[in-house]
Amino acid sequence: MKPETASPYGHFDDATREYVITRPDTPLPWLNYLGQDEFFGLCTNTAGGYSFWKDAKLRRLTRYRYNNVPYDLGGRYFYVNDGGEVWNPGWKPVKAKGVKYECRHGLGYTRIVGERDGLEVETLFFVPPGENLEVWKVTVRNKSAQRKTPKLFSYQEFCFFEALNDMTNYQRTYSIGEVEVEGSAIYHKTEFRERRNHYTLFACTRPIAGFDTSRDAFVGIHEGLHEAKVPFAGQATNSVAFGWNPIGSHQINLDLAPGAEESFAFVLAYVEQGEAPKFDAPFVMNKSVGRAIVEKYSAPGAVDAALANLKAYWDALLGNFQVDCPNEHAQRMANTWNQYQCMATFNMSRSASMYETGIGRGMGFRDSNQDLLGFVHMIPSRARERILDIAATQLSDGTCYHQYQPLTKKGNADIGGDFYDDHLWLVLSTCAYIKESGDTSILQAPCAYADKAYENVVTDTLLDHLETSIAYTMKKRGPNGLPLIGHADWNDCLNLNCFSTEPNESFQTAGDVRDSKAESVMIAGLFLYAAREMAGLYEHLDRNTDAARMHGHYAEMLETVERVSWDGAWYTRAYAADGSVVGSHTNAEGKIFIESQGWCVLGGAGANNGRARQAMESVHQHLYTKNGVVLQQPAYSAYDLRLGEVTSYPPGVKENAGIFSHNNTWIHLAWCQLGEGDRALEYYLSICPSAKQDQIDTYRGEPYVYAQMIAGKDAPCFGEAKNNWLTGTAAWTFVVVSQGLLGIKPDYAGLRVAPCIPKDWPGFTVTRRFRGDTYAITVRNPDGVSKGVKALRLNGTEIDPTKPIPVVGDGSTHSVDVVLG
């Protein structure tokens, strides 16, 4: 694989699985996530961000102010006072001149190194697996020829746990802040004396020369973080916060001979008190749990061992799927960054990023089910737990809470429901889990409905939820026989029952969906896919009567789609509440939409009459651009009361003809389904962040993770990315590259191998761990085809290429040889 040219801001280091940022002034803040279990941190390339436990709204430990000036201000800061000159290793907030800078975003860690006047300060931030804390390792090196006596000041501003209250209810919060200081440890204990049984610990593993816990004392009243009083004065004030804004800051005085260095660490921890008494004396906390944490990470080698454990953790996870193929971007993303992003979306859904504040959206029903598709191969057990959590927010009539809070696992009523696609995604995630794990017992797992009262024992099962989902769509259909849309389908902004004229109301909750006749072709296509999945599941369970029933639902919906949704060259998008068609050549704007083409084709519509290929060719003609497929064309030029939010955006962004990366992936898979490997890879690369290095000042977003949206051709900023990281694009692009292009597809009976690759690929190899075995797969393409397996061998023995590779089940490595032709 040939190395790729670097951008002006950095480059990939594929050997270390890091993105190396060599300039701090990136086009936008470039983010990384710390944490993989329950404790998480957002960390930008200049050390900005915040930390929380489980829920960014209800358990936020540190403060961060969104849409700030500059955008990314506040985070894990270290101030260096070297002979009166003050600077930060991460450049911000002081932004001193002459600082040599490098940031390496790795898997679960970020390393930032700054050097000025011969003094190098290396900071490393990570969350050890299984721990509810963050470690900040600091190494200070004197690379000069003179003795240096620098002073280092840590800085972290505490949040009062409930983030929305913390940033709005100042008449209370300015009066309740409390801390205690013991040795090198700062304990943030706001509300601990009353209802909270947890606190935040910020401690240093070496002796300190001073501390501050009052923001006013450390920064000042009229000063900013770039001119904070204490670092520039060179001396902590030992302030103890009482009310106002508590912070944590430690002063470290160093004395380094030429060539000398010193390493130490800080620990930022979420501490649950458990059953231990809360106080040792009036107003004096019982700090036993916190002390044990400090002692643990103060032990020699503890921090380095935790980092090694983190790296081993990621090596094991990524080892479940590794590919060597001719395209550097597909290989890099599939092996490392795409899977890494799938972990982030699994953990965060759409809750906390540089675009999502953590206080509005929680875990999405639709979102989280799709996120599982790219995650399930890494940790199936966590996927199982998540599926049951999601299903428990479904109501007994089939509708769902659109989102739920990760801490409480309760539906968020403020966001509402009645998105009539939500329930069907549960079918996709459940079937994907069973195909990956072979675990059918999940179907009989007890799983309550969110609105049903259970006296003692939950009698409903996950399979009941799947049946409820299928039945709901079959029941809730409109005058054309298509599924009703409710408040919206996957496209939250296609609001056919909204009719909003009030600028202060939500498009997604306004309007009355009862008795509405608005229908969705996209949901019809999704239903085809889900019904076919359910039929296959029942066939695997030898429940042939139930399988036949699902096939019957499929046939009925397919006949409806072909009869009422074909527009002559593509599938229409919807029928509005007044019965008018949406996404038709008869419309002045919004003639063709992406979603219905993708899902109708993936659901099997048009497979036997040529319409699938014709619809996809229409996508290529009308919607495809060098930066991806736009959502619809022509873009809407004016707000349309009948269609809702989709028409509220300026042309070329978001749902109004923006390039929504998420739904692009369905088109990629549709090209694979049609056997068009060259076009599938072309489309895949059009939104691939790794392939955006040569246009990074236009793209602006992180070049290592997918963006939710790229500005479309109607926008003056065509090619500009927004909302990176938390997008369903991550899971679906992993499905595209692993199952569509490379064709390694989990199935109930084993692994199917059915690649769809560019004709000029000579082949590729994949290492795939599956149900305890490892399959070393070699694919050869001697005839230069895109699709079609003519020979398949397992451990040298020829097997039927139309059937899955059977599970051997001995925990060993097995060779699989595939010949295309």
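The values are calculated or read from the model by the stated rules, or taken from the named source; none is laboratory data. Quantities reported herein were computed from a predicted structural model and do not represent experimental measurements. Cβ: placed from backbone, ideal geometry, glycine included. Neighbour counts: every protein chain shown.
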* Residues of region 561-605 satisfying the condition of being in a strand (DSSP E or B) and over 16 Å from residue 663 (Cα atoms) -> 566, 574, 575, 581, 582
* So which of 227, 182, 194, 262 is among the charged types (D, E, K, R), within 27 Å of residue 71 (Cα to Cα) and either free of Cβ contacts under 8 Å to residues at least 60 places away in the same chain or surrounded by 14 or more Cβ atoms within 10 Å (Cβ to Cβ) (or both)? -> 227
* Asked: Which residues, counting only those in region 161-179, are among the aromatic types (Phe, Trp, Tyr) and either touching a strand residue (DSSP E or B) at 6+ places or on another chain (Cβ under 7 Å) or touching a residue at least 40 places away in the same chain (Cβ under 8 Å) (or both)?
  -> 161, 174
* Could you list, in sequence order, the residues of region 473-498 that are surrounded by fewer than 22 Cβ atoms within 10 Å (Cβ to Cβ) and within 29 Å of the chain's Cα centre (by Cα)? -> 492, 493
* Asked: Of all residues in region 687-712, which are polar (S, T, N, Q) and more than 20 Å from the chain's Cα centre (by Cα)?
  -> 693, 695, 698
* To do: Collect the residues in region 400-437 that are assigned to a loop (DSSP other than H, G, I, E, B) and out of contact with any strand residue (DSSP E or B) (no Cβ under 8 Å at 6 or more places or on another chain), keeping them in residue-number order.
  => 407, 408, 409, 413, 414, 416
* Residues of region 334-365 being modelled with pLDDT of 95 or more, of a type outside the set (A, V, I, L, M, F, W, C) and farther than 24 Å from residue 28 by Cβ, which ones? -> 335
* Of the numbered conditions (1) surrounded by fewer than 19 Cβ atoms within 10 Å (Cβ to Cβ); (2) of a type in the set (Gly, Ala, Ser); (3) on the phi > 0 side of the Ramachandran plot, residue 657 satisfies every one except a single condition; which is it? -> (1)
* Of all residues in region 716-735 being buried (at least 24 other Cβ atoms within 10 Å of the Cβ) and among the β-branched types (Val, Ile, Thr), which is farthest from residue 660 (Cα to Cα)? -> 733
* Residues of region 420-446 classified as more than 16 Å from residue 529 (Cα to Cα), surrounded by fewer than 19 Cβ atoms within 10 Å (Cβ to Cβ) and among the hydrophobic types (A, V, I, L, M, F, W, C), total -> 2
* To do: Filter region 739-760 down to residues that are buried (at least 23 other Cβ atoms within 10 Å of the Cβ) and either among the acidic types (Asp, Glu) or under 20 Å from residue 687 (Cβ atoms) (or both), then give me how many there are.
  => 5
